[in-house]
1. Arranged from highest to lowest average of other beta-carbon atoms within 10 Å per residue, in what order do the peptides 224-232, 94-102 appear?
2. Is the C-alpha gyration tensor of region 81-290 telling us rounded, prolate or oblate? Criteria: a/c under 1.5 is rounded; beyond that, a/b larger than b/c is prolate, otherwise oblate.
3. How many angstrom lie between the Cα centre of region 103-123 and the Cα centre of region 250-273?
4. Kindly identify region 200-293 as rounded, prolate or oblate by the Cα gyration tensor criterion: order the square roots of the eigenvalues as a ≥ b ≥ c, call it rounded if a/c is under 1.5, otherwise compare a/b with b/c, prolate if a/b is larger, else oblate.
């Protein structure tokens, strides 16, 4: 079968030719093949956008807006999930948690309930109606820097009025700390925060080494009763390369400063703090740690 459309082959089209020796393919020739040679577009894999078009590169890369342009057969998030190190899952129609290679987390809440929905299995953690009351989930120390895996976590927030939320990895319970003073409070943090007492609006990406910090507005509005998937991915934090933040698979911040390189014990956590005398909640779903880099 041939291609009579004067362009790269696509769909079920194929070109079969006779080749008696290896064919060198380049960006400037043989884009769609000829009667006796294979087209470049059918044979080059793991490349960026080349002269012949995106083709296989576009088909395999994560093409979402803001996602990194990384060559390889699997997109970044599929690849991370295939390298799972530890996991916490919510049992279906229950408030119990199942962990694999992960400490059982400590749950603090005035009440818990099963809240499975189309996004998966969730347990809801409620605060009381007392100002300053906290609902949280976090294990004891989980790992020690600089061995920092990638965190992928699914959560749903409740009210955003008079509320403080933290999602990510920390060296201590962050629930009493406003994100704008994380470093001056001595908190080591790689995570997302929302604090209506500091600024209403968007999720903030925070990196703090306990002395200094960077804070980036992600541009993603925090809306009540909404489910998000949060990713925090570190590339070789021991040498201070970078930490990338994703919301629902979209890259929203990349931080290269104040990344702790020393030996620091960290844990994952999700917390909600009442900043007024009103009750609310959050829901926690699947939590996964994978090998980053």
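1. Answer by packing, highest mean first, reads 224-232, 94-102.
2. Details: a/c = 1.55, a/b = 1.17, b/c = 1.32.
Here region 81-290 falls in the oblate category.
3. Their Cα centres are 23 Å away from one another.
4. In terms of gyration-tensor shape, prolate.
Coordinate-derived values only; no laboratory data. Bear in mind that the values here come from a model prediction, so they are computed numbers and not experimental data. When we count neighbours, we look across all protein chains shown, and the Cβ atoms used for this are built from the backbone with ideal geometry, even at glycine.
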